[in-house]
Structures are given as C-alpha cells and as structure tokens.
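The values are calculated or read from the model by the stated rules, or taken from the named source; none is laboratory data. Quick caveat, the model's predicted, so the values are computed rather than measured. Glycine gets a Cβ as well: all are built from the backbone with ideal geometry, and neighbour counts include every protein chain shown. With ligands, DNA and RNA removed, areas are computed over all heavy atoms of the protein, side chains included. Shrake-Rupley method; radii C 1.70, N 1.55, O 1.52, S 1.80 Å.
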Amino acid sequence: MHPTHNQLPIAAAILTVSDTRTKVDDLGGQRIQSLLQEASFEVIDYQISKDEPSDISKHVLKWCENQTINTIIITGGTGFTPRDQTYDTIVPLFEKEMTGFGELFRSLSYEEIGPKAMFSRATAGSRAKCAIYVLPGSVNAVTLAMTKLILPTVQHFVGELNRL
C-alpha cells in the first residue's frame, strides 16, 4: 500500500440505473452521494438512466473521458430480470475487471441475506484511469459496498490507476 494514495482526492460520478426511480425516491443513489460527501469526497455528477445499454454506456464513457472524474459508482440493474442490463453493458467497457470486488461483496452479502447473495452481479473495474463500481440497487447493498469495500480502498484504487 502506498501511503501517498491515502491523500488522493476522489471526484465521483453516480449513476442510478432504473426505469422507475427519480432523484426524489432514489434512495440508493442518495445514499452513495451522502457517504461520499461524509468521507470528504467530491460528487461531480449524479444522474439517473433508464435500463438501456446505450444510455448507460453513454454516461460512463462521457465520465471516463472527463479528466476531473476518477471514480464512477453505478447502482441498479445487476440482477437477472430481463431488464437488468447494467452488468452486461459495463463489463465490456472495462480495461481491467476487479473480480475480487464482486467475490467479496457476495461473501459479505451472504452474511446478511443468505444464499440469495449469489444473484448479485456486483463488480468493479477500470477504464481510462477511472475506477468503476457496479452495485445492486438496494439501499442495504449500496451501504454494504460503500462502507466495507469502496470507501476504505477507493483512494488506493485510483492511486494505482495513476501510477507510472
């Protein structure tokens, strides 16, 4: 672990993938935003997208090209319903996938919700020096991922992506 990574400023974009949510009732996206701000990380953008691959990828690709954004957190669309397309849209955009993120998330989820945890396709990866996380849509899942996995390590992740 590089101690200098602990000081890195995090500038994040949040994307909620949902056909029904608005910013008024998007508890998962609101939770991500509040946890980032409580950790003194900056939220640059926060959007809601329909569960359509072209809409999802448009936001992520635009944010990856934005030099001020180094972290993207996506919530929703990670399950197995026909409309859940986030995982299938984002994974091909990764330059590298962090398989350990999904494994750890499902392991921690199992402790809370039992075997239904295996239905989550949570994952993380990187593109263009940007850390990207894909989380389920529930507030409990978002809170678990943010507090146990993302907030403790995102500065290290971004630091590693920017090493020469």
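Listing for the model above:
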| item | result |
| --- | --- |
| Estimated distance in nm for a label pair at L93 and D45, the labels positioned 7 Å out from Cα along Cα-to-Cβ | 1.0 |
| Local electrostatic count at D51 - Lys and Arg +1, Asp and Glu -1, tallied over other residues with Cβ under 9 Å | -2 |
| The range 82-135: C-alpha gyration tensor shape, a/c 1.5 cut-off, then a/b vs b/c | oblate |
| Antiparallel content of DSSP bridges confined to the range 33-164, in %, to 5 | 60 |
| Where Rh is the Kirkwood radius over Cα pairs, Rg/Rh for the range 6-69 | 0.99 |
| Per DSSP, loop chymotrypsin sites (Phe, Trp or Tyr not before Pro) in the range 93-164 with at most 13 further Cβ within 10 Å | none |
| The chain: DSSP helices with Cα axial extent of at least 20 Å and average Kyte-Doolittle hydropathy no lower than -0.5 | 99-113 |
| In the range 10-81, chymotrypsin sites (Phe, Trp or Tyr not before Pro) in a DSSP loop with at most 15 other beta-carbon atoms within 10 Å | F80 |
| Accessible area per residue, Å², the chain with all protein chains present, probe 1.4 Å | 51 |
| Computed over the range 22-164: relative contact order in percent, which uses C-alpha pairs under 8 Å that are six or more apart | 26 |
| Net charge, D84 excluded, C-beta distance under 11 Å - Lys, Arg +1, Asp, Glu -1 | -1 |
| Rounded FRET efficiency, nearest 0.05, which uses the C-beta distance separating Q67 from L27 and R0 of 41 Å | 0.85 |
| Most mobile listed residue (E52, E42, E112) in the chain, GNM with C-alpha springs under 10 Å | E112 |
| Share of carbon and sulfur in the accessible heavy-atom surface of the chain [1.4 Å probe, %] | 54 |
| Whole-angstrom gap from the range 1-59 to the range 93-164, using each part's C-alpha centre | 13 |
| For the chain, built as a Gaussian network whose Cα springs stay under 10 Å, the top-fluctuating residue of V24, V134, V60 | V24 |
